[in-house]
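Below is one structure, written out as structure tokens; comments come after it.
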Amino acid sequence: MFQSQLFPKTQKIPPKSADSINHKLLVRAGFIDQLMTGSFTLLPLGFRVVTKINNLIREELDAIGGQEMLMPLLHPKSIWNESGRWEKAKEVMFQFKDNHGKEYALSFTHEEVVMDLIRKHIKSYKDLPLSVYHFSTKFRNEKRARSGIIRGREFMMNDLYSAHVSEEDMLNYYFKVVEAYKKIFKRLGFVIKVTEASGGVFTQNNTHEFQVLSENGEDTIFYCDKCDWGQNKEIFAGSAGDSCPKCKKGEVIKANSIEVGNTFPLGTWYADRMKVFYADERGMKKPVSFASYGIGSTRVLGALVEVSHDDKGIIWFPQVSPFDVHLIDLSGDSMDDKRANEIYSRLFDDGIDVLYDDRQLSAGEKLADADLIGIPFRLVVSLQTGDKIEVKKRNEDETQLLSYDELLKMLSG
Ligand SMILES: [Zn+2]
């Protein structure tokens, strides 16, 4: 991709409304644009990152038998009345009437819709278990949308739903999903703490939250410095410095964090209310046991910036970077820009995703933009580099001069 054609240009000054690092840097670097409070466009660079995040999630969910589909976002009041959540969730739901006075909501989750699908299409124990997921926009009527793209009124989420013949089978799969989530967040580059939270009215079981440690995070969690124990502040009765209630050896640490995923073993709460049954081996009607799971893709985008940046800009982990390398031509008007063009073509042919800064700007402006955008490898071609390429990693200060073949080896290594 030629940077001269990339939409839009970077900005030197962050927007006045930006109250967080991710908001400032993502807007300045041209990844997102704010339409109104809590509502953002994913610009081409931002869309590239979210697509990579979603593809990584997709791989891990497919590996545990998830089937992808796509459900509607506009829901009739009647389906939300079946679970009683039209009233219960009024605070966070966008609810409205059409021209004929009929009531609808914009979706913030899909338990009711999945339950309706199961009720229509699942007859027997032979049709279970089932695991389905989708990626879609979610709407939440946040009173105080803030923290940039982390707490929006409209955001992208992946949600997975599983249905089972028994509580036991549900919990068995549930912990498979917890492991898959750990893998997803590790692959995304996060250090994750899994914390227990209350199941609320839905279930006796605890739910789980996947928390990224971050100084500016809005959540407060407690975790053990030795084992995998963790709880959110709503259910932890002790305080920082206590000995770990699980292993007894570690110390309880208190930290700020950003919640990027959560999982809910819901049991038969929905089946009981929505009359979702299957026939067991003896033909007896039994309620379907259910669980739901979610990862906020655009929230992950914001959290990645919160945990990986410096005073110059974003530092993308390679697996989620919008491009593999940032090629910068500093040969000015000389005949030598032919070399940068040639390297661009070769990288393209070798399957490397390149952002090529072909603009007629000063070296200072180009290098500052490269630091702001944050692609992990910066390649400079200039009169000084001769027939080599100057390579610098975004998170390191040293540069090295490499031949094309050495570069390719490094990138594929
Ligand atoms: Zn412990």
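The values are calculated or read from the model by the stated rules, or taken from the named source; none is laboratory data. Here the structure is a predicted model, which is why all the values come from computation and not from measurement. Here the Cβ is made from the backbone with ideal geometry for all residues, glycine too, and neighbour counts use every protein chain on show.
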With the requirement that a residue be in a strand (DSSP E or B), of a type outside the set (S, T, N, Q) and farther than 20 Å from residue 134 by Cβ, what does the stretch 153-208 give you? 192, 193, 194, 196, 197, 208
Show the residue pairs that are 6+ apart or on different chains and have beta-carbon atoms under 6 Å apart, the first residue being within the stretch 1-19 and touching a residue at least 12 places away in the same chain (Cβ under 8 Å), the second being acidic (Asp, Glu). 2/358; 3/357; 4/358; 10/369
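For (1) touching a Gly at 6+ places or on another chain (Cβ under 6 Å); (2) modelled with pLDDT under 95, each residue gets a yes or a no:
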{"site": "316", "(1), (2)": "yes, no"}
{"site": "319", "(1), (2)": "no, no"}
{"site": "322", "(1), (2)": "no, no"}
{"site": "335", "(1), (2)": "no, yes"}
{"site": "338", "(1), (2)": "no, yes"}
{"site": "343", "(1), (2)": "no, no"}
{"site": "354", "(1), (2)": "no, no"}
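So if I check each of 263, 203, 195, which one is within 16 Å of the ligand (Cβ to nearest atom) and within 30 Å of residue 289 (Cβ to Cβ)? Can you show your working first?
Working: 263 fails: within 16 Å of the ligand (Cβ to nearest atom); 203 fails: within 16 Å of the ligand (Cβ to nearest atom).
After ruling out the rest, the residue left standing is 195.
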Which residues, counting only those in the stretch 238-260, are of a type in the set (A, V, I, L, M) and more than 16 Å from the ligand (Cβ to nearest atom)? 258, 260
Of the residues in the stretch 218-231, how many are crowded, with 21+ Cβ neighbours inside 10 Å and either within 8 Å of the ligand (Cβ to nearest atom) or not β-branched (Val, Ile, Thr) (or both)? 5
So is residue 179 within 30 Å of residue 117 (Cβ to Cβ), surrounded by fewer than 20 Cβ atoms within 10 Å (Cβ to Cβ), within 16 Å of the ligand (Cβ to nearest atom) and charged (D, E, K, R) or not? no
Here, strands (runs of 3 or more DSSP E) confined to the stretch 1-100 with at least 2 residues that are within 18 Å of the chain's Cα centre (by Cα) are 32-36, 39-42
Looking for whichever is closer than 23 Å to residue 258 by Cα and among the acidic types (Asp, Glu) here; the options are 349, 311. Which one fits? 311
Give me the pairs: first residue in the stretch 86-107 and exposed (fewer than 15 other Cβ atoms within 10 Å of the Cβ), second residue aliphatic (A, V, I, L, M) and part of a loop (DSSP other than H, G, I, E, B), beta-carbon distance under 9 Å, and six or more apart or on different chains, which are they? 88/201
Consider the stretch 1-22. How many of its residues are of a type outside the set (D, E, K, R), loosely packed, with under 13 Cβ neighbours inside 10 Å and under 15 Å from residue 370 (Cβ atoms)? 2
I'd like the full set of residues that are among the hydrophobic types (A, V, I, L, M, F, W, C) and either closer than 14 Å to residue 325 by Cα or in a strand (DSSP E or B) (or both), limited to the stretch 340-371. 340, 343, 347, 348, 352, 354, 355, 367, 370
Meets criteria (without any contact (Cβ under 8 Å) to a residue 12 or more places away in the chain and either surrounded by 14 or more Cβ atoms within 10 Å (Cβ to Cβ) or over 29 Å from the mean Cα position of the chain (by Cα) (or both)) for residue 120: yes
